Structures are given as structure tokens and as C-alpha cells.
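Peer 1: Got a structure for you, written out below as C-alpha cells; questions coming shortly.
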Amino acid sequence: MDTYDAATSNQVDVSSERSLGLIGAILALLALIPKVGQLLGLIGFVLVLISLHGIGEKTGNKRPFSYYLRAFIIDFVGFIIVILLLIGAFAMGVHSFSGSSGGQMISSPLGGSNPVQIISYEQHEELTGAGIGLVIAAVILIVLVIILGAYYEKRAWEEMARLTKVKEFNDAAKFIWWGALTFIILVGIILLLIGAIYRILAFSNMPQRLNLGVATQQPPEQFDVEEFESW
């Protein structure tokens with residue numbers, strides 16, 4: 001009995017955080033649903049963030065929360081900037097021009113034998129050079145945001161794998177990372193979807209109690225180029 005008490009005294013209950021993370025991971029997967037999907041995805045993102053914050057507070061290892069928060073900020077701010085660029089492209093970079101679409105002959109309202117030709121015009125719109133430049137900048141920014149956000153999310157799940165000893169967190173990290181790198185050739189969308197499923201499985205298999213104690217301290221995080229290339 002004493003051995004059991006000693007073991008449990010070094011552990012903390014994270015069952016509520018596990019449930020929040022599981023619900024958040026499921027909602028994040030539902031982001032693919034048209035119209036309401038974006039809202040569900042945002043709610044899921046926030047629930048996972050709250051879950052990781054609670055786990056960090058209870059175990060003393062706040063690195064998963066820190067990494068995931070960076071990914072959240074990068075994705076959210078990047079999304080806002082992309083929207084603004086696209087609005088700018090079509091609001092400031094579009095010009096209109098008129099073109100003849102033909103006409104018809106009618107009798108002169110003032111009388112006489114000479115008919116009058118009525119010519120109709122159509123309004124056309126096209127992107128200017130500045131508009132095209134803003135669209136290209138938005139596309140490049142989307143790719144960069146996806147890759148950088150996925151990098152920090154990968155680090156978050158790797159830390160969770162070390163903390164919880166749940167293999168699916170590592171699987172989620174790998175698929176999300178490779179999905180972000182190959183997003184531009186569309187196969188990445190499938191990999192990101194698999195990573196999202198592994199994220200659900202990881203929270204589902206996560207134990208309800210985790211060891212108490214701060215993990216070994218590491219130097220301040222920087223973007224690891226060698227690790228980036230190794231993947």
C-alpha cells in the first residue's frame with residue numbers, strides 16, 4: 001500500500017485535460033466541413049490549447065503548450081494577413097474597362113430616313129500587375145505559414161510523446177510535418193488528414209495520470225535548420 005501511495009503521489013490527474021484535448025482534436029478534424037467547419041476548427045484549436053496549458057501547469061512541463069501556442073499564433077495571424085492581402089488584391093488591384101459588344105439600328109426619334117445605331121457596352125474587370133503581385137504574395141505566405149506552424153505543432157506533439165509515452169503523438173507529429181512540406185502538391189492534404197486522425201488517437205490513448213515534475217531544462221528554442229533538413 002505504501003508503494004502504491006508513493007507512486008501515485010508523484011503523479012497528477014489529467015483526465016479533464018485529456019477529455020478537452022480529445023474533443024478539441026475531433027473538432028479540428030471537422031474543420032473540413034463547409035461553412036461551419038472553420039468555426040469548429042478554431043474552437044478545437046482553442047480546446048487543445050487549453051488542454052496543453054492544463055497539462056503543463058500540472059506536470060511542470062510547459063513546452064508542449066509553448067510550442068502549440070506558437071503554432072496557433074502563426075496560423076491565426078498568417079490567416080488574417082492572407083485575407084487582407086486578397087482583399088487588397090481585388091479592391092485596390094482591379095481596374096475596369098469598357099468594350100463594345102455590338103449594336104442595333106433603330107429609327108431616329110426625331111424623324112427622317114437615316115437610322116440611328118445604338119451601341120451597347122459591357123463592363124469588364126481584370127487584375128492589374130499590383131493585384132497579381134498581392135495574390136502571389138498571399139499564396140507564398142500561405143505556404144510559409146503552413147510550414148512554420150506545422151514545425152512548432154510537430155515539436156508540441158513530440159514533447160507530448162515524451163511526456164505521456166504515447167506513440168501516436170509521434171505519429172501525428174510526423175504526418176503533420178510531412179503534410180505541411182508536401183501541401184503545395186496536394187498529397188500533403190491527405191497526410192495532414194492522417195496526422196489529425198493520429199492526434200485524436202493520441203489523446204484517446206493518453207493515460208489519465210502523468211508523472212509530476214519538471215522535465216530537464218533545455219536552452220531557448222531556435223529554429224533548428226539541421227532538424228528541418230533531416231525530415
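The values are calculated or read from the model by the stated rules, or taken from the named source; none is laboratory data. For clarity, every value in this text was computed on a predicted model and none was experimentally measured. Note that we place each Cβ from the backbone using ideal geometry, even for glycine, and neighbour counts take in every protein chain shown. Ligands, DNA and RNA are stripped out before the accessible areas are found, and what is left, the full protein with its side chains, is counted by its heavy atoms. Shrake-Rupley method; radii C 1.70, N 1.55, O 1.52, S 1.80 Å.
Peer 1: Just one of the numbered conditions (1) under 25 Å from L144 (Cβ atoms); (2) in contact (Cβ under 8 Å) with a residue 12 or more places away in the chain; (3) within 19 Å of the chain's Cα centre (by Cα) is not true of I73; which one?
Peer 2: Unmet condition: (2).
Peer 1: List the residue pairs whose Cβ atoms are under 6 Å apart, where the first residue sits in the stretch 169-195 and is acidic (D, E), the second is surrounded by 17 or more Cβ atoms within 10 Å (Cβ to Cβ), and the two are 6 or more positions apart or on different chains.
Peer 2: Filtered contacts from the stretch 169-195: D171/Y198.
Peer 1: Find all pairs meeting these conditions: Cβ atoms under 6 angstrom apart; at least six residues apart or on different chains; first residue within the stretch 150-163 and farther than 11 Å from R70 by Cβ; second residue open to solvent by 10 Å² or more (accessible area, probe 1.4 Å) and basic (K, R).
Peer 2: So the pair list comes out as E159/R63.
Peer 1: Taking the stretch 189-231 as the region of interest, how many residues are at pLDDT 70 or above, open to solvent by 90 Å² or more (accessible area, probe 1.4 Å) and assigned to a helix (DSSP H, G or I)?
Peer 2: Within the stretch 189-231, the first condition is being at pLDDT 70 or above, and the residues that meet it are 189-212.
When the remaining residues are screened for being open to solvent by 90 Å² or more (accessible area, probe 1.4 Å), the result is 190, 208-209, 211-212.
Then drop every residue that is not assigned to a helix (DSSP H, G or I), which leaves 190.
Total meeting the criteria: 1.
Peer 1: Can I ask one more? Go through the stretch 168-187 residue by residue and tally those that are part of a helix (DSSP H, G or I), at pLDDT below 95 and more than 13 Å from the chain's Cα centre (by Cα).
Peer 2: Of the residues in that region, 4 qualify.
Peer 1: Failed condition for V139, given (1) free of Cβ contacts under 8 Å to residues at least 24 places away in the same chain; (2) under 19 Å from H53 (Cα atoms), with all others met?
Peer 2: All conditions are met except number (2).
Peer 1: Looking at A156, is it under 17 Å from R63 (Cα atoms), small (G, A, S), surrounded by 18 or more Cβ atoms within 10 Å (Cβ to Cβ) and modelled with pLDDT of 95 or more?
Peer 2: Considered against the rule, which asks whether it is under 17 Å from R63 (Cα atoms), small (G, A, S), surrounded by 18 or more Cβ atoms within 10 Å (Cβ to Cβ) and modelled with pLDDT of 95 or more, A156 comes out as yes.
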